[in-house]
Each structure stands twice: as C-alpha cells, then as structure tokens.
Amino acid sequence: MIDVLPADAPPTDLDATVRRVDDGVATLDVRDLGPSRGDGIFETIGVIGGHPQALDAHLARLANSAALLDLPVPHEAQWRRAIGRAAASLPADRQGGLKVVLTRGLEGPGAPTGWIVATPADGDFPERETGIRVVTLDRGYASDVAVRAPWLLPGAKTLSYAVNMAALREARRRGADDVIFLTSDGFVMEAPTSTVILRFGDRIVTPRTDIGILPGTSQLSVFAFAAARGLHTVEAKIPVARLAEADAAWLVSSVRLAAPITHLNAAAMGVDVELTRAMNDALLARQA
Ligand code: PLP
C-alpha cells in the first residue's frame with residue numbers, strides 16, 4: 001500500500017511511504033471508490049529479472065490517465081520507487097507483472113488510495129509462439145468518440161474494465177482467445193487488454209489513438225524495434241476490411257508481449273514466425 005503523496009511534496013523518505021502487505025491480509029477500505037465505482041486508474045507493467053519494463057512509458061501514461069480523470073498528479077519519484085520495490089519482490093528467475101492502482105479513495109475526504117500487486121507469471125506464455133484466435137466485436141462507439149464524448153474517457157486506463165472482460169468471455173463462447181474491437185463506423189480499435197499491430201509488406205501499422213483507444217507502451221517498443229530493422233511504421237485509421245488482408249497480425253501487451261494472430265473470425269491468417277520471435281526477443285530485452 002502507498003501513502004499517496006501530492007506531486008509537489010517536499011523531499012521525504014520515500015521508502016517510509018510504502019508498506020508491504022502479505023497475501024490474505026485485509027488492507028482496502030470497502031468504501032473505496034476504486035472497487036465500488038471503478039473510479040480510478042491502473043497500469044499493468046511487465047517484470048523481467050526483477051526489473052519493471054518500459055517504466056518511463058507506464059509512468060507517463062499513468063500521469064495522463066490521472067489528468068483525464070481529474071485525479072491528483074502522481075508523485076513520479078514515489079511511484080518509481082514503489083514500483084521498483086514491488087518488482088524486486090518477485091522471483092528473479094520468473095517473468096511477472098505488476099498491477100499499479102490509483103483510486104479516488106473514500107467518498108468524502110477525497111484522499112486518493114494507491115497500491116501495487118506483484119504477481120509471478122504462472123507459465124512461459126506459449127501463445128507467443130502458438131498464437132491466438134481472435135474475433136472482431138463491435139465496441140459501440142464511433143471513431144470520433146474522443147471529440148464528441150470525451151467524458152467516456154477514451155485513452156484513459158481506468159479501472160472500469162467490466163466491458164473488456166465481458167468481451168473476452170464472448171470471445172471464448174465463440175471458440176476464440178481474444179477480441180479485436182471495432183468502432184461502430186467500421187474501424188479497427190484495440191483488444192480488451194492489448195494493442196493491434198499489422199504487417200503489410202514492409203509496413204508495420206497500428207490504429208491511430210485519436211479514434212478513442214489507449215496508447216500502448218508495448219506498441220511503442222515494437223515500433224522502435226521495427227524502425228531499427230528498416231521497416232516503415234505507420235499509425236492509421238484502419239477499415240475493418242484491411243484486417244484480413246494483412247500479411248501478419250499481433251496483439252501486443254506488457255505481460256503476454258506479442259501474440260501472433262492465427263485466426264480472425266475462424267479464418268486462418270498468415271503468421272510471421274521469424275518476425276514474431278525477433279519482436280518478443282526485443283520486448284523481453286527492454287529495460288525501463
Ligand atoms: N489497450 C488496452 C485497452 C489495454 O488495456 C492495454 C493493456 O492493458 C493495451 C491496449 C496495451 O497496453 P500495454 O502495451 O501498455 O500493455
């Protein structure tokens with residue numbers, strides 16, 4: 001648990017503001033607006049060898065989500081220190097993940113609540129090689145949602161993920177592993193917990209974030225990797241018909257990393273085995 005400091009707090013012993021809590025020990029006030037209203041934000045950060053990955057990008061996105069929800073600006077040094085400690089608590093020989101949470105706190109006084117949950121991965125993520133089956137589902141928002149209805153908080157990583165989880169259950173009912181959300185006007189968005197990346201020849205393409213999706217930290221890393229290999233990287237508004245025309249496609253995210261899409265709505269897709277392997281090697285090698 002973290003005694004959340006304001007961004008401009010005077011210098012203090014940051015370690016004294018972070019309290020380690022063992023599994024099964026009650027810590028959260030049930031009146032907190034995070035669990036009861038989903039009123040808060042989070043980050044999921046991959047951990048390799050006891051180190052958090054892409055930490056700068058995650059901290060930047062946490063600050064952006066806080067701004068979008070009118071939450072206090074996070075104290076960067078405090079969160080950096082707390083995240084480092086949580087990552088170091090995981091076994092160094094296993095991959096893992098951190099869930100970093102900041103809520104609006106208790107109704108009334110308005111002091112935010114913060115905590116981090118560190119979890120070792122229970123396996124080696126075989127889907128990075130075997131791939132995933134994906135279905136497309138309508139997200140119900142048009143591609144101009146960010147302009148027309150910013151109060152829906154597109155682009156913020158809020159705790160309100162019930163819809164994302166329901167979509168994953170719908171995918172399983174349809175015999176698939178994951179989802180690509182579409183806008184109601186027919187453009188490719190994102191997956192419930194990952195970003196879509198497509199390859200067309202030597203072009204690596206991802207949906208533009210201004211259609212109302214979350215900017216992905218893994219996508220940023222994949223674009224840096226692709227540019228270093230001489231591939232062209234493009235952010236575009238992608239009509240749904242283009243999905244099936246891609247030479248290869250992936251869902252990328254911080255813990256699972258790059259999962260190649262083997263089937264789209266039950267139709268087989270091309271899989272680029274060599275590029276997938278190189279992409280995952282690059283993602284695994286990231287430092288903060
Ligand atoms: N899009 C959504 C809706 C997500 O929830 C996530 C991650 O959880 C992503 C994209 C991928 O982001 P990242 O690569 O930073 O994990």
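In a simple Cβ point-charge model (Lys, Arg +1; Asp, Glu -1; nothing else charged), the range 14-120 has a dipole of about 120 debye relative to its Cα centre.
Here, P(r) means the percent of Cα pairs in each 10 Å bin from 0 to the largest distance; for the range 127-284 it is 11, 44, 36, 9, 0.
In the range 127-284, a dipole from Cβ-located charges (positive for Lys and Arg, negative for Asp and Glu) runs towards its positive end, and of ILE261, VAL222, VAL163 it is VAL163 whose Cα lies farthest in that direction.
For a test of the definition: using alpha carbon positions, the gyration tensor, and the 1.5 limit on a/c, classify the range 44-180 as rounded, prolate or oblate. Taking the square roots of the gyration eigenvalues as a ≥ b ≥ c, the range 44-180 is oblate. What number, in percent, do you get for the relative contact order of the range 14-120 if the mean sequence gap of Cα pairs under 8 Å and at least 6 apart is divided by its residue count? Computed value for the range 14-120: 33 percent relative contact order.
Here the peptides 219-227, 171-179 are ranked by packing, the mean other Cβ count within 10 Å, and the order with the highest first is 219-227, 171-179. When the Cα positions of ALA191, THR17, GLY114 are compared along the charge dipole of the chain, ALA191 comes out farthest toward the positive end, with charges on each C-beta of Lys, Arg, Asp and Glu. Among ALA82, ALA248, ALA26, the largest mean-square fluctuation in a Gaussian network model of the chain (Cα springs under 10 Å) belongs to ALA26.
Axis angle, to the nearest 10 degrees, between helix 273-284 and the longest C-alpha principal axis of the chain: 10 degrees. Considering only alpha-carbon pairs that sit under 8 angstrom and 6 or more positions apart, the relative contact order computed for the chain is 19 percent. Which residue, chosen from ALA54, GLY38, ALA66, occupies the Cα position most advanced towards the positive end of the dipole of the range 1-66, where the dipole is computed from +1 (Lys, Arg) and -1 (Asp, Glu) charges on Cβ about the Cα centre? After comparing all options, I get GLY38. Under a 5 Å amide H to amide H cut-off, with H placed in plane at 1.01 Å, what residues pair with PHE200 once short-range neighbours are removed? So PHE200 has HN proximity to VAL205, ASP247. Over the chain, the Kirkwood radius and the radius of gyration, each from Cα atoms, give a ratio Rg/Rh of 0.97.
Our coupling estimate for the range 66-74, obtained by passing each phi through the Karplus curve with A = 6.51, B = -1.76, C = 1.60 and θ = phi - 60°, is 4, 4, 5, 9, 6, 8, x, 4, x Hz, Gly and Pro reported as x.
Peptides 131-138, 120-127 ordered by packing proxy, namely the average of other Cβ atoms within 10 Å per residue, highest first: 131-138, 120-127.
Taking the chain as the reference, fit the longest principal axis to its C-alpha atoms, fit the long axis of helix 162-173 to the helix C-alpha atoms, and give the angle between the two in degrees, 0 to 90, nearest 10. That helix lies at roughly 40 degrees to the long axis. For ARG94, the residues whose amide H sits under 5 Å from its own are GLY49, ignoring neighbours fewer than 5 places away on the same chain, with H placed 1.01 Å from N.
FYI, it's all coordinate maths here, none of it is from the lab. Here the structure is a predicted model, which means the values were calculated and not measured. Note that we place each Cβ from the backbone using ideal geometry, even for glycine, and neighbour counts take in every protein chain shown.
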